[in-house]
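The values are calculated or read from the model by the stated rules, or taken from the named source; none is laboratory data. Predicted model only: the values in this text are computed from it and were never measured. Virtual Cβ from ideal backbone geometry, glycine too; neighbours counted across all protein chains shown. Ligands, DNA and RNA are excluded from the accessible area calculation, which covers all protein heavy atoms including side chains. Shrake-Rupley method; radii C 1.70, N 1.55, O 1.52, S 1.80 Å.
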Amino acid sequence: MIELKNVTRRFGNTVAVDNINLTIETGEVCVLVGSSGCGKSTTLRMINRLLPHSAGEILVDGEDVNAMNPEQLRLNMGYVIQGTGLFPHWTVARNIAMVPHLLKWPKERIDARVEELMTLLDLDPATHASKYPQQLSGGQAQRVGVARALAADPNILLMDEPFGALDAITRENLQMEMLRIQRQVRKTTVFVTHDIDEALKLATRIAVMDQGRIIQHDTPENILRHPASDFVENLVGKQDRGLKLMSLRPVRDLMSPHAEPRQSVAGEGAIREEDSVRLALSVMLWKDLGEVAVFNARGQETGVITRERIIQEGA
Amino acid sequence: MRIWLPPVLLAALLYGLSVGMPVLEPLFQWLQPDKQTVIYDRESFLFLLQNHLLLVVVSAAVGTFMAVTGGIFATRPSGRDFLPLVSQVASIGQTFPPVAVLALAVPVLGFGEAPILIALILYGLLPILRNTLAGLEGVDPTVREAARGMGMSPGQILFRAELPLAGRVILAGIRTSVTINIATAAIGSTIGARNLGDPVIAGLVNGNTAYVLQGAILIGLLALTTDSLFEALERIWDRRFSPQAAV
């Protein structure tokens, strides 16, 4: 758990972060979102003491960060940044092994961990372990960046616009990976982005920031349904909210389940229970259907979802 | 091993010439028919070469240590205020003519090796310092940010990231400095530091072009040998720290 209590950060006379209070529960993904210069990165960098805070208190698992050794504190927090910051003179494997190495793990344990992480992030250890960062694509490099952050199994993950420099398709892929990995490892994550769609997709709770203050701190659904101010309303896109809400809801919520899962073939592009209602509607509009079958992860047909129900209750 | 071939060949040639200069007597006789002795014989060339080398190595070692330490200090958060001062001091060292340093140092330190060592150290500082600063400033800031954010201490960042990444540029600075100083060291002969400048000075004083030529050839060859040695070192460095660039 991370608690920020009345935290302020001044740069000279300008106030970058203005007396904010924020509690990030263990295992949740808190996304700080706002336009550039709103203080979101500053807030993140105060948590691992890359920047000192001018006033207030920051507690990690109940302990004041200022009372801890900064290097020790950071070794227990994964850190991912936009430019990856991989060491260009180290191989991928050595980059991932950075923190375990600093913690003086035995070599076999490091090797096993590197292989495990590369597999988790969908990088083939055989082909990529001995490559150098310059030989990777942007998406692969950022996967290595995430693997490096997870290497010593820290409780906390800090991510500063990690996917900001990637193309749309790669970004989307990595967001899906993030969700998958988060389901597996459950890290307390603070994620900074200026992209509200990314925030809605990844967050357990979103903190909307503007001019150094937190305007609203709530779940993605509540941010969309009850924006606290005009600023938040504009940020989430006034008119677009209906569809955005739809993309938050899984098909599971609105489908009519069959009494028994039916054994049938889930073809390419079939709708699954965890897909968004928005995707289901889009498929129906494209194929001009009134309803589509829904499949579970094992490929069994578990129900159907109708166009009418989505229109009535989707948002 | 092919990397080491040029410096080894050049070094062998240098050694061979230092030992076997008398073999070339007919050639120098032809160049300088009016003199009885055409091979410099007041001191063996090998002894002069050793002394010359010693002067350059000692001044390069001290100069490198001072310049790299200064460069590291001036790029740390605590020393950043001194950055302009440090580069100014080094620039002054470079603009001050070595001959003037000798003239000022001899009354204090007497004749011999000490004044020329000081002149060489001062003269050699700037290229190394300038390259140290350029190399360290050239390290990608995101690398430093990530290293700090992952929990590396300032010392670990310096030795595991900054110096390996800046090393190639620093090495190039040392190469420039050493090559210049091999030539500059020769003026030490004028104040009694025995080195390969001796035949040149003696030749100039006596109007013996053969002497001048012998000293100049050996100094030039020493500079070439050293330069190709650094070339090899830089290749090794590339292989070790930026392998993808060396392929």
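Would you mind telling me which numbered condition in (1) at pLDDT 85 or above; (2) closer than 29 Å to B:Ala223 by Cα; (3) part of a helix (DSSP H, G or I); (4) open to solvent by 10 Å² or more (accessible area, probe 1.4 Å) B:Leu158 fails?
Unmet for B:Leu158, out of (1) at pLDDT 85 or above; (2) closer than 29 Å to B:Ala223 by Cα; (3) part of a helix (DSSP H, G or I); (4) open to solvent by 10 Å² or more (accessible area, probe 1.4 Å): (2).
Residue check: is B:Ala119 in contact (Cβ under 8 Å) with a residue 40 or more places away in the chain and away from chain A (no Cβ under 14 Å)?
Taking the combined requirement at face value, the residue satisfies it.
Filter the range A:162-182 down to the residues that are surrounded by fewer than 21 Cβ atoms within 10 Å (Cβ to Cβ) and part of a loop (DSSP other than H, G, I, E, B) and list them by number.
Result: A:Gly164, A:Ala165, A:Leu166, A:Asp167.
For the range A:80-98, name all the residues that are within 7 Å of chain B (Cβ to nearest Cβ), part of a loop (DSSP other than H, G, I, E, B), in contact (Cβ under 8 Å) with a residue 60 or more places away in the chain and on the phi < 0 side of the Ramachandran plot.
Answer for the range A:80-98, where residues must be within 7 Å of chain B (Cβ to nearest Cβ), part of a loop (DSSP other than H, G, I, E, B), in contact (Cβ under 8 Å) with a residue 60 or more places away in the chain and on the phi < 0 side of the Ramachandran plot: just A:Gly83.
Could you say whether any residue in the range A:138-153 is touching a residue at least 40 places away in the same chain (Cβ under 8 Å), within 14 Å of chain B (Cβ to nearest Cβ) and under 13 Å from the mean Cα position of the chain (by Cα)?
Yes: the range A:138-153 contains one or more residues that are touching a residue at least 40 places away in the same chain (Cβ under 8 Å), within 14 Å of chain B (Cβ to nearest Cβ) and under 13 Å from the mean Cα position of the chain (by Cα).
I want to confirm something. Restricting to the range A:52-79 and keeping residues that are part of a loop (DSSP other than H, G, I, E, B) and within 11 Å of another protein chain (Cβ to nearest Cβ), which single residue is farthest from A:Phe11 (Cα to Cα)?
So the first thing to find is which residues in the range A:52-79 are part of a loop (DSSP other than H, G, I, E, B), and the list is A:52-54, A:61-62, A:68-69, A:76.
With the extra rule that they be within 11 Å of another protein chain (Cβ to nearest Cβ), the set shrinks to A:69, A:76.
Values: A:Asn69: 23, A:Asn76: 27 Å.
By that ranking, first place goes to A:Asn76.
Looking at (1) surrounded by 21 or more Cβ atoms within 10 Å (Cβ to Cβ); (2) not in a helix (DSSP H, G or I), find the lone condition where B:Ser189 falls short.
It fails just one condition, (2).
Name the single residue that is nearest to the other protein chains (Cβ to nearest Cβ) among those in the range B:134-155 being open to solvent by 50 Å² or more (accessible area, probe 1.4 Å) and assigned to a helix (DSSP H, G or I).
Among those that are open to solvent by 50 Å² or more (accessible area, probe 1.4 Å) and assigned to a helix (DSSP H, G or I), it is B:Arg148.
Cβ-Cβ distance below 6 Å, separation of 6 or more or different chains: which pairs start in the range A:220-241 with a residue that is without any contact (Cβ under 8 Å) to a residue 40 or more places away in the chain and open to solvent by 50 Å² or more (accessible area, probe 1.4 Å) and end on one that is of a type in the set (D, E, K, R) and not in a helix (DSSP H, G or I)?
A:Phe231/A:Asp210
Which condition number in (1) without any contact (Cβ under 8 Å) to a residue 60 or more places away in the chain; (2) in a loop (DSSP other than H, G, I, E, B); (3) open to solvent by less than 20 Å² (accessible area, probe 1.4 Å) is the one that A:Arg49 fails?
Condition not satisfied by A:Arg49: (3).
For a quick check of your reading of the model, give me the residue pairs whose first member lies in the range B:78-105 and is over 18 Å from B:Gly124 (Cα atoms), whose second is open to solvent by 80 Å² or more (accessible area, probe 1.4 Å), with beta-carbon atoms closer than 8 Å and at least 6 apart or on different chains.
B:Gly79/B:Phe73; B:Phe82/B:Phe73
Could you list, in sequence order, the residues of the range A:110-161 that are open to solvent by less than 30 Å² (accessible area, probe 1.4 Å) and small (Gly, Ala, Ser)?
A:Ala129, A:Gly139, A:Ala141, A:Gly145, A:Ala147, A:Ala149, A:Ala151, A:Ala152
Here are some residues: A:Leu123, A:Leu117. Which one is more than 14 Å from every other protein chain (Cβ to nearest Cβ) and part of a loop (DSSP other than H, G, I, E, B)?
Every option except A:Leu123 fails the conditions.
Considering only residues that are farther than 21 Å from A:Val80 by Cβ and of a type in the set (Asp, Glu), which ones fall in the range A:90-116?
A:Glu108, A:Asp111
Within the range A:268-287, is even one residue surrounded by 11 or more Cβ atoms within 10 Å (Cβ to Cβ), of a type in the set (S, T, N, Q) and either farther than 25 Å from A:Pro220 by Cα or in contact with an Asp or Glu (Cβ under 7 Å, 6 or more places away or on another chain) (or both)?
Taking the range A:268-287 as the starting set, the residues that turn out to be surrounded by 11 or more Cβ atoms within 10 Å (Cβ to Cβ) are A:270-284.
With the extra rule that they be of a type in the set (S, T, N, Q), the set shrinks to A:276, A:282.
With either farther than 25 Å from A:Pro220 by Cα or in contact with an Asp or Glu (Cβ under 7 Å, 6 or more places away or on another chain) (or both) added as a condition, the list becomes none.
The answer is no, given that none of the residues of the range A:268-287 is surrounded by 11 or more Cβ atoms within 10 Å (Cβ to Cβ), of a type in the set (S, T, N, Q) and either farther than 25 Å from A:Pro220 by Cα or in contact with an Asp or Glu (Cβ under 7 Å, 6 or more places away or on another chain) (or both).
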